[in-house]
Amino acid sequence: MDHNISILKKQLNHPKRIVIITHVKPDGDALGTSLALAFFLKQQGHVVQVVIPTEHPNFLSWLPGADAVINREDFTEETLLEQVGRIDLLFCVDCSTVKRLGQLKFLVERSDLFKVIIDHHIEPEDFADLLFWNVKAAASAEILFSLFEALGQVDSMHLDMATCLYVGLITDTNSFKNSNTTPKTHYIAAKLIACGVDIVTTHRLIYDNKSLNRLHFFSFAISQRLVVLPEFHAAYFVIQKEDYKRYDLQMGDTEGLVDYALTLRGILLGAVLKEKDDAIDLSLRSVGDIPANLIAKKYFHGGGHRNAAGGFSKLSLTETVDLFEKILKNTELQH
Ligand code: 5GP
Ligand code: MN
């Protein structure tokens with residue numbers, strides 16, 4: 001770490017043009033950590049642009065600095081490069097696999113850029129010049145916080161930076177209740193709160209900021225779209241394309257639904273299968289040792305963490321449901 005810090009310090013010792021990228025479907029940690037890093041680098045005199053490969057959910061739009069983020073989907077490769085101009089340094093946040101960068105992967109494939117990864121996902125790929133990686137960190141926000149600590153930046157941390165990091169922590173730990181939460185997570189939260197983070201407002205903006213439509217959708221999904229398989233300790237939702245239309249669902253509106261599956265007594269594996277235009281998206285959550293990430297990797301071209309993972313299927317919705325049930329029968333979930 002110390003060696004990495006001194007390399008980073010050297011990279012940042014004169015003003016540079018820096019681009020920060022993160023994974024497709026950016027979540028609170030991906031966007032929050034990217035924005036906190038952007039604030040820090042700007043404070044240090046660098047020119048910084050955060051670029052996301054696909055749109056982020058609406059409930060993150062209020063994050064300080066989110067309005068200056070640009071979306072790869074609004075550009076071609078050429079117009080994006082025109083927009084950002086010369087790049088000296090590339091940060092890849094909350095992502096260490098090229099595939100998860102979607103249409104931004106051409107940037108990490110450029111050999112002329114110095115690349116830094118800040119991430120906590122398993123099995124990072126070897127494309128960076130500098131790797132700040134810790135699989136035990138609950139969120140990439142934790143790793144960035146430790147980096148700020150090593151750079152002596154914590155006591156002077158701007159409130160916007162602290163808020164962005166706090167959002168990374170709460171979204172990746174499900175408000176400090178997932179198994180990835182450690183004493184360090186709480187230590188960092190304490191430090192961020194000491195910087196002035198308004199925890200009530202932040203939690204309300206993230207979790208209690210829903211439209212009535214979305215609440216009605218959850219009610220509908222729980223009553224009409226939930227399949228419970230007590231014998232497999234599993235429960236899953238199947239969301240059809242027409243449901244999106246019926247409830248006028250916006251980006252991020254299905255977020256949190258999967259957690260309702262795990263609120264059922266005895267349920268250890270929860271899933272949401274979402275019918276999209278070109279694929280079936282899968283969100284998986286598990287309790288204890290059940291490896292959601294291995295299921296996502298083996299059967300759904302995805303991955304993630306042991307208790308929170310995702311992927312997709314190119315089969316039809318019914319075929320995907322059949323496959324999912326077959327997987328449940330073949331895993332060790334039955335008693
Ligand atoms: P969610 O269910 O919230 O979309 O995703 C939960 C976690 O699973 C994410 O934080 C991410 O780590 C992982 N994940 C989701 N989708 C994918 C995917 O397509 N590929 C990989 N490798 N991980 C994914
Ligand atoms: Mn993360």
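Read-outs: derived from the displayed coordinates by stated rules, not from any lab. Just so we're clear, the structure is a prediction, and the values are computed from it rather than from any experiment. Cβ placement follows ideal geometry from the backbone for every residue including glycine, while neighbour counts extend to all protein chains displayed.
Would you mind calculating the relative contact order of the range 1-99 from Cα pairs under 8 angstrom and at least 6 residues apart, reporting the percent as a whole number? Value for the range 1-99: 37 percent. With a ≥ b ≥ c the root eigenvalues of the C-alpha gyration tensor of the range 1-148, is it rounded (a/c under 1.5), prolate (a/b larger than b/c) or oblate? Since a/c stays below 1.5, the shape of the range 1-148 is classed as rounded. Among the GluC sites (Glu not before Pro) within the range 233-335, those in coil by DSSP and having at most 12 neighbouring Cβ atoms inside 10 Å are 332.
In this simple spin-label approximation, residue 136 and residue 204 carry label points 7 Å from Cα along the Cα→Cβ vector, and these lie 3.8 nm apart.
Return the percentage of antiparallel bridges among DSSP beta bridges fully within the chain, rounded to the nearest 5 %.
Of the beta bridges lying entirely in the chain, close to 40 percent run antiparallel.
Between the Cα long axis of helix 212-224 and the first principal axis of the chain there is an angle of about 40°, rounded to the nearest 10. Looking at the range 212-333, the DSSP beta bridges with both ends there are about 75 percent antiparallel.
Extension gain for residue 149-residue 228 works out to 23.9 nm (0.36 nm per residue, less the C-alpha to C-alpha distance).
In the range 277-335, Cα pairs under 8 Å separated by at least six residues give a relative contact order of 32 percent. Derived from the Cα gyration tensor, the three semi-axes of the equivalent ellipsoid of the range 32-91 are 18, 18, 8 Å, largest first.
Starting with the highest mean, order 18-26, 42-50 by the number of other Cβ atoms within 10 Å, averaged over the residues of each peptide.
Final packing ranking: 18-26, 42-50.
Please report 164, 95 as a ranked list, fewest other C-beta atoms within 10 angstrom at the top and most at the bottom.
95, 164
Take every pair of alpha-carbon atoms less than 8 Å apart whose residues are at least six positions apart; their mean separation over the length of the chain yields a relative contact order of 13 percent. Here the extension length gained between residue 99 and residue 54 equals 14.9 nm, from 0.36 nm per residue of separation less the Cα-Cα distance. Above 21 Å, the calculated P(r) of the range 70-198 contains 48 percent of its Cα-Cα pairs. Of the chymotrypsin sites (Phe, Trp or Tyr not before Pro) found in the range 133-220, those in coil by DSSP whose Cβ has at most 15 other Cβ atoms within 10 Å are 176. What nm distance separates the two modelled labels at residue 278 and residue 299, each placed 7 Å from Cα along Cα→Cβ? The modelled label-to-label distance comes out at 2.5 nm.
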